[in-house]
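Q: Input: one structure, supplied below.
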Amino acid sequence: MMIYKVLIVEDEPPSSDLLVKFIGRISWLKVVGTEADPFIASEILQNSERKIDIVLLDIDLPGKLGTEIAKVIPAHICIIFSSAYGNYALEAFSLNAVDFLQKPFSFERFLDAMQRAKIWLSRGIDAYKSSTAQKYNVKLSGKGQNAFIVDEEIIYLETLKDNLYFHLEKNTSYKTNYTIEYIMQSLNTSLFLQVHRSFIINIKKVRGLSNGNIIMSNGAEIPLGNMYRNSFHERFIKDENIKDL
């Protein structure tokens with residue numbers, strides 16, 4: 001049985017102890033070290049020589065954010081972030097993290113993240129991305145709450161005044177304070193395409209064109225901006241799922 005080696009980077013002893021306890025319950029994981037200092041952790045990770053498979057990386061570290069450490073971590077190491085603050089999630093996923101654990105989290109949620117890491121390590125990043133849906137942990141506007149959204153559920157995104165709305169299947173919508181420029185940095189570009197200064201669509205949810213508008217799976221008509229017309233038609237022709245519409 002393959003044993004995956006885990007480094008814990010966490011400055012709070014109770015959180016570090018809990019991670020060690022959780023890992024001890026999973027037979028195919030082994031803790032190879034815990035580190036509270038982000039600068040030492042960064043050196044360890046950069047010089048791991050494949051002695052580390054997974055890093056559990058807290059974001060809120062003293063003197064240096066975990067997201068900064070992630071930028072110098074070798075490509076063979078699987079990154080799983082953790083933080084008490086959900087607003088870090090989008091940046092975390094943009095850094096190719098396999099998962100983002102928002103504190104506090106249960107053992108079941110932790111195990112789910114480790115299973116994702118196992119797939120990533122056994123199949124490689126390209127196979128992982130093609131076989132698992134990406135999740136986004138978005139902060140909802142004015143509610144002090146977060147929502148987990150799977151990319152395949154998103155039909156389109158819309159900016160309206162100072163807010164960005166996620167329009168999902170089953171007539172569900174979420175209001176956030178993100179900008180369209182910020183969100184585009186985190187979205188899967190093989191699935192999402194900006195078609196107007198105020199709209200991003202899920203290319204798999206396109207059902208046709210009518211009078212210059214894009215018809216989505218929920219019946220919404222999305223305007224196609226002139227400056228986005230060429231890129232849309234290129235994708236429209238290339239994508240096997242919609243080229244015959």
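What follows is calculated from the coordinates using simple rules that are stated; it is not laboratory data. This one's a predicted model, so the numbers in the text were calculated from it and none came from an experiment. With ideal geometry, Cβ positions are generated from the backbone for all residues, glycine too; neighbour counts draw on all protein chains shown.
Q: For the stretch 136-238, what Kirkwood radius comes out of the mean inverse Cα-Cα distance, in Å?
A: Details: mean 1/r = 0.0719 Å⁻¹.
One over the average 1/r among Cα pairs gives 13.9 Å for the stretch 136-238.
Q: Stokes-Einstein D for the chain at 37 °C, 0.692 mPa s, Kirkwood Rh over Cα pairs, in µm²/s?
A: Calculated translational D: 168 µm²/s.
Q: Same structure, new question: Between THR189 and GLN145, what's the calculated FRET efficiency when r is the beta-carbon distance and R0 is 25 Å? Round to 0.05.
A: Using R0 = 25 Å, I get an efficiency of 0.35.
Q: Here is a further query. Stokes-Einstein diffusion coefficient for the stretch 5-130 at 4 °C in a medium of 1.567 mPa s, Rh from the Kirkwood formula over Cα pairs: what value in µm²/s?
A: 91
Q: Helix 13-24 versus the longest principal axis of the chain: what angle, 0 to 90°, nearest 10, using Cα atoms?
A: It is inclined by approximately 90 degrees.
Q: Which of the GluC sites (Glu not before Pro) found in the stretch 29-129 are in a DSSP loop and have at most 13 neighbouring Cβ atoms, other than their own, within 10 Å? Numbers along the way, then the final one.
A: Working: sites: GLU35, GLU43, GLU49, GLU68, GLU91, GLU108; in loops: GLU49.
Those satisfying the criteria are GLU49.
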